[in-house]
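The values are calculated or read from the model by the stated rules, or taken from the named source; none is laboratory data. None of these values were measured; they are calculated from a predicted model. Glycine gets a Cβ as well: all are built from the backbone with ideal geometry, and neighbour counts include every protein chain shown. Remember, those area values only see protein heavy atoms, side chains included, never the ligands or the DNA or RNA. Shrake-Rupley method; radii C 1.70, N 1.55, O 1.52, S 1.80 Å.
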Amino acid sequence: MEIKKNEKFKITIEDMGEDGSGIGKTDGYTWFVKDGLIGDVIEASVMKMKKNYGFARLARVIEPAPGRVEARCPVARSCGGCQLQELSYGEQLKFKERKVYNHLKRIGGLEYLFLPGQENEAKAVDGAVVMEPIIGMEQPWRYRNKAQYPIGLGKDGLPTAGFYAGRTHALIPIPELDCVLGCEENQWLLKVVLDFMTEYRIKPYMEEDHRGLVRHVLLRKGFVSGELMVCLVINGDHIPHADVLTERLVKAGAASVSLSVNKEKTNVIMGDKIVNLHGPGYITDCIGGIEYRISPLSFYQVNPVQTERLYNTALEFADLHGGETVWDLYCGIGTISSFLAKKAKKVYGVEIIPQAIEDARENAKRNGIENVEFFVGKAEEVLPEQYEKNHVHADVIVVDPPRKGCDAVCLDTIIKMEPEKVVYVSCDSSTLARDVKVLGEHGYKVERVRAVDMFPMSGHTECVVGIQRKHS
């Protein structure tokens, strides 16, 4: 194709990719167009071209798609935090449902799986499974209980906060310091930090030369407790005038103030060392009547409203009756473990982060849950050791792995242990599908599938899959 960078061309968007980019073709050549929506007729601007496909950005909408709406945030297109703000929420849910379905069909090989509404087609297929409708939100805004804001310099030379543009480390400042997905309190807590940095001439961290002090600001809120956490990630061991900053943050409502020391040249946000400045070093929150202790390094789902629905779905798929032994792998601070313990005889949780297990044990104690036990370590190491040396068994295994999915050794041990059920909670349906295929090749069948929209306005979704061992 004779077309150059920044050149504009007309295209109709026919599909959407995994990240929410529009997909269209010109003369058989495939284009991925950022911010393009299915049904759009647009003018696009060339960004990069490969042999068989290219990347472009939306320059002008000629004919809008039926689902196109106006974004609430003025920097929605440039900021990397949202990919789908210009798509109506109903269409976002359909897109996410199709994404999970397509992965499970194409990668997982589930030819017997059908989308909601395809019941008539499913009747003709032996052992057919129809996905259950995606669980969306009534109010898909202000849902995030956690935000990690990179700190940089604005055009005026003063410290500012924002998010990185997609696939870059170019900082996009947040208008009025108010992200419409985050808590309203974030705005004034950020203002306290930035005003303090300006007043005391404290420099933000600069990746280029590894200089400057403040890298990120982590903010968390307990939606039930109302407690607020502020943790500054710093390129040093301390921050000047920390007592002044702490006093101002506490006055602004912070229940916990701390520093995370990260002096490495890395893209990893948090450091391993936490310096507590105020409060007990954690905040608390409740999900489904269970109280959790959340420290700066704890993994805790960012959308508490949908988290309760996600965990209840996992509990429903586990179908516990009171006599089961359950293993909860990648358990974090024991959130799913606590839900499972309501109906199981015994729950074992495994997590690699020691501080998370500390929180998990404390959470069980503070809620009077006595039928849980937690192990620190990699799931792929702890599970084989307990199975082979201590001969533990499992009636049900629940996994909630990171985006890369289950480790191969972990998956192999699950197969050897032969639990009756595996409940797979996934934040990446492509690796979910890969792992489901492996389980399918070793005597397991997917019985139930349901997506849960944990991340409105983004291209991501969570999914729960109920998997049953087949008996010959």
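Filter region 1-21 for residues that are in a loop (DSSP other than H, G, I, E, B) and of a type in the set (S, T, N, Q) and give the result.
Filtering region 1-21 for residues in a loop (DSSP other than H, G, I, E, B) gives 1-7, 13-14, 17-21.
Within region 1-21, N6, S21 meet the criteria.
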Item to check | All positions within region 430-472 that are under 17 Å from the mean Cα position of the chain (by Cα), surrounded by fewer than 24 Cβ atoms within 10 Å (Cβ to Cβ) and in a strand (DSSP E or B) | outcome: R450
Checklist outcome for this item: In region 380-409, residues that are outside any helix (DSSP H, G or I) and either among the aromatic types (F, W, Y) or exposed (fewer than 15 other Cβ atoms within 10 Å of the Cβ) (or both) total 7
Next on the checklist: Looking at region 314-334 only, could you name the residues that are over 15 Å from E420 (Cβ atoms), open to solvent by less than 10 Å² (accessible area, probe 1.4 Å) and assigned to a helix (DSSP H, G or I)?
Outcome noted: A314
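Taking strands (runs of 3 or more DSSP E) that do not extend beyond region 145-198, which have at least 1 residues that are touching a strand residue (DSSP E or B) at 6+ places or on another chain (Cβ under 8 Å) and either of a type in the set (G, A, S) or closer than 17 Å to V302 by Cβ (or both)?
Numbers: elements: 146-153, 159-164, 171-173.
Those strands (runs of 3 or more DSSP E) span 146-153, 159-164.
Which ones in region 233-269 are among the hydrophobic types (A, V, I, L, M, F, W, C), out of contact with any Cys (no Cβ under 8 Å at 6 or more places or on another chain) and under 23 Å from Y292 (Cβ atoms)? Spell out the reasoning first.
From region 233-269, those among the hydrophobic types (A, V, I, L, M, F, W, C) are 233-234, 239, 242, 244-245, 249-250, 252, 254-255, 257, 259, 261, 268-269; that's our starting set.
When the remaining residues are screened for being out of contact with any Cys (no Cβ under 8 Å at 6 or more places or on another chain), the result is 233-234, 239, 242, 244-245, 249-250, 252, 254-255, 261, 268-269.
The answer is V233, L249, V250, A254, A255, I269.
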Checklist outcome for this item: C427 vs (1) under 28 Å from C79 (Cα atoms); (2) hydrophobic (A, V, I, L, M, F, W, C); (3) in contact (Cβ under 8 Å) with a residue 40 or more places away in the chain; (4) open to solvent by 10 Å² or more (accessible area, probe 1.4 Å): all pass except (3)
Checklist entry - Can you find even one residue in region 263-283 that is surrounded by 21 or more Cβ atoms within 10 Å (Cβ to Cβ) and part of a loop (DSSP other than H, G, I, E, B)? => result yes
Next on the checklist: I'd like to check something: does region 446-467 contain any residue that is under 23 Å from H321 (Cα atoms) and of a type in the set (F, W, Y)?
Outcome noted: no
Checklist entry - How about region 199-212: which of its residues are part of a loop (DSSP other than H, G, I, E, B) and more than 25 Å from L228 (Cβ to Cβ)? => result R201, K203, E207, E208, D209, H210, G212
Checklist outcome for this item: So, first residue under 15 Å from D285 (Cα atoms) in region 201-230, second residue acidic (D, E) and open to solvent by less than 40 Å² (accessible area, probe 1.4 Å), Cβ within less than 8 Å, six or more apart or across chains; the pairs are L219/E185; K221/E185; G222/D285; F223/D285; V224/D285; S225/D285; E227/D285; L228/E185
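The rows are residues; the columns are (1) exposed (fewer than 13 other Cβ atoms within 10 Å of the Cβ); (2) within 20 Å of E97 (Cβ to Cβ).
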position	(1), (2)
E18	no, yes
I23	no, yes
T30	no, no
V33	no, no
I42	no, no
M49	no, no
I62	yes, no
P66	yes, yes
Item to check | Criterion: open to solvent by 60 Å² or more (accessible area, probe 1.4 Å) and either assigned to a loop (DSSP other than H, G, I, E, B) or over 29 Å from L171 (Cα atoms) (or both) - qualifying residue of K99, K94, K105 | outcome: K94
Checklist entry - Do the conditions hold for I239, that is, is it at pLDDT 95 or above, buried (at least 18 other Cβ atoms within 10 Å of the Cβ), part of a loop (DSSP other than H, G, I, E, B) and of a type in the set (A, V, I, L, M)? => result yes
Checklist entry - In this structure, is G377 surrounded by fewer than 23 Cβ atoms within 10 Å (Cβ to Cβ), under 24 Å from the mean Cα position of the chain (by Cα) and at positive phi? => result yes
